[in-house]
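Below is one structure, written out as structure tokens; the observations come after it.
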Amino acid sequence: MSEALLEVNHLKKYFPVTQGLLGRTVGHVKAVDDISIRLEPGETFGLVGESGSGKSTVGRTILRLTEKTDGEVKFKGVDIHSLSPSEMRLLRPRMQLIFQDPYSALNPRVRVGDAIGEALLDHGLCPKSEVRGLVLEALEACGLSSYHIDRFPHEFSGGQRQRIGIARALILNPDLIIADEPVSALDVSIQAQIINLFSRLQQSKGLTYLFISHDLSVVEHLCTRIGVMYLGSMVETAARDELFRQPLHPYTKALLSAVPVPIPKLKRERIVLKGDIPSPANPPSGCKFHTRCPFAVDVCAAEIPVFRDAGGGHFVACHLA
Amino acid sequence: MKEIMKIDGLSTVFFTDEGKVRAVDDISFRVREGETVCIVGESGCGKSVTAMSIMGLVEEPGGKVSGGSIDFLGEDLLRLDKNSLRAIRGHEIAMIFQEPMSSLNPVIKIGEQIMEPLIVHQKMKKKAARQRAVELISQVGISRAEQIADSYPHELSGGMLQRIMIAIAISCSPKLLIADEPTTALDVTIQAQILDMLREFKESSGMSMMLITHDLGVVAEMADYVIVMYSGKIVEEGEVVQLFQNPKHPYTRGLLKSKPVMGQRQDELYSIPGQVPNPLELASSCYFHDRCEHCMPVCRTRHPGLKEVGGGQKAACWLYEEAEVHV
């Protein structure tokens, strides 16, 4: 096996829950609870889950935007959580983040050309005289025009702003891009444009993506491997076609059957889950999904299922699968 | 089937510093008894403003309904005085909004918010209303109804709040339910629950529904009749199966092709080039012409009217007006 670009082993991120005047810690929200991911260069790993499943926290903890609680994150073999701040800073241009909401990710008073070029100068990656040329290149790669360089964010539509967000990540020539719900705020016709932009850029620049999304149809389109999260834990990972052809975990099955398909009068067998996602501060015992699982048996409430290989790199954490 | 609402030539404008915006521009459609009509379109196409106009929620001086009529069971909602409109709103026509969190009053208990329309419209006594409220809460699939009735909105999750909104909306057995993106803010598994519930209520009570959404998957699942809007105009409408199988307007086709569909992966998604025109700069052309692959000279100069294109389907596109195009 070639060297992984990113290796996440048993990553945990707990947020303390405090109470009272003195801020005593009374418990923990286990936002990310023992997650392992391996990304080969050039692949796109899709991380799916519903709100509160911890998928965004995984992305942020990998980039060390929040400190981990336990586990390790290796980028090209280097454990990034052991690096000093200055070493970390040198590594930052290699891994970039694209946010969901391009409206709030851009400073309204900074011209987009400066916003895109800023990081190059900050990291001293190129002399000031060359920045404009590189910004123009990045704009063009993202489907924007050269005259956009001196405009302000409010002059752009949502789709264009997301292109600016992508250009800003791209200009640093990163190896890894973590995209956190990058198309969720966009209309369908614009969403298709941005999805195509992601795949084109991957082909031309050999990028590796960690694509975080709640939308399974988008993930199916873009990703080569997919991991499904529920309440901070990975419940299933598999290659894309394998996961969609033969989902093993009941949660994955329910998710897949819940996505509305634009074919009228299509009769589908739907697994409608009962109830809401439990609070991550007080997750259910055993398998965290057992409270909503239509197939749960006694052992599910008692024992935590092992995340194991069900054959051919299809991993699942379920007593019944 | 009996028509319960008939909208004719409805136009709504907003006044901004830069000029007048025609958010809804001369649209007509009808909703029949027991039917679900879906209005689909992207942000800014006027689908929500249509709903707001029906409910009388467009207020001057910001904007106003500038023309047309909204005939609801024989009465023109636009000509009604405030009190008569109030008697219909929340009673015979109910509405559910996208954001349940911001539609409920944060400082009033859930139960009391459900009781309000019952007391106002159905003239129920407080005690009876309370009992009915608890029944409604369990009817929308929430357990511990008594306890929930005494809690505040912030104590419930988004999915539960949307159920409460539905409970309020159906409390007076409305003839028409307007749901504006009711599941957009919710997770897919919760969305499936809410859509199932709406469908069940519609079937058991025989009410009509006007569902506004941007999600073609939701449309396919819920609609009997579909209206596609673009830049304030209806560009296509038709019965759901027909519209999905045989879309006529290039915009509808583009929308259907550009949505990634589970189980039908393609290497590259079709995408409609460009973006929605600025609503301040709409000229007398087809508003879709600069994004359309079939654009003809006539498309740049005149706006096409909505015409029958066969099978009860209508489209506003010069492609289907042969006589005028090809002379």
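At-a-glance table
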{"item": "Yes/no for B:Q191 being in the same structural domain as B:L57 (by TED's automatic domain parsing) and crowded, with 21+ Cβ neighbours inside 10 Å", "result": "yes"}
{"item": "Failed item in (1) within 14 Å of another protein chain (Cβ to nearest Cβ); (2) over 27 Å from A:G54 (Cα atoms); (3) assigned to a helix (DSSP H, G or I); (4) open to solvent by less than 30 Å² (accessible area, probe 1.4 Å), with A:Q160 passing the rest", "result": "(4)"}
{"item": "Failed condition for A:L83, given (1) crowded, with 18+ Cβ neighbours inside 10 Å; (2) within 30 Å of A:V29 (Cβ to Cβ); (3) of a type outside the set (D, E, K, R)", "result": "(1)"}
{"item": "Where a residue in region A:58-75 is farther than 17 Å from A:A179 by Cα and open to solvent by less than 40 Å² (accessible area, probe 1.4 Å) and its partner, wherever it lies, is part of a strand (DSSP E or B) and hydrophobic (A, V, I, L, M, F, W, C), with Cβ under 6 Å and at least six apart", "result": "A:G71/A:L11; A:V73/A:V8"}
{"item": "Pairs where the first residue, in region A:108-130, is farther than 20 Å from A:H148 by Cα and the second is outside any helix (DSSP H, G or I) and at pLDDT 90 or above, C-beta under 8 Å, 6+ apart", "result": "A:H123/A:L172; A:L125/A:L172"}
{"item": "Region B:152-168, residues that are open to solvent by 10 Å² or more (accessible area, probe 1.4 Å) and more than 13 Å from chain A (Cβ to nearest Cβ)", "result": "B:Y152, B:H154, B:M165, B:I168"}
{"item": "Subset tally (residues that are more than 9 Å from chain A (Cβ to nearest Cβ) and at pLDDT 90 or above) for region B:257-288", "result": "4"}
{"item": "Elements of type helices (runs of 4 or more DSSP H) in region B:2-119, at least 1 residues being over 13 Å from the mean Cα position of the chain (by Cα)", "result": "B:82-88, B:100-103"}
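The values are calculated or read from the model by the stated rules, or taken from the named source; none is laboratory data. Note that this is a predicted model, so its numbers are computed, not measured. All Cβ positions, glycine included, derive from the backbone under ideal geometry; neighbour counts span all protein chains shown. The accessibility values were calculated without ligands, DNA or RNA, using every heavy atom of the protein model including side chains. Shrake-Rupley method; radii C 1.70, N 1.55, O 1.52, S 1.80 Å.
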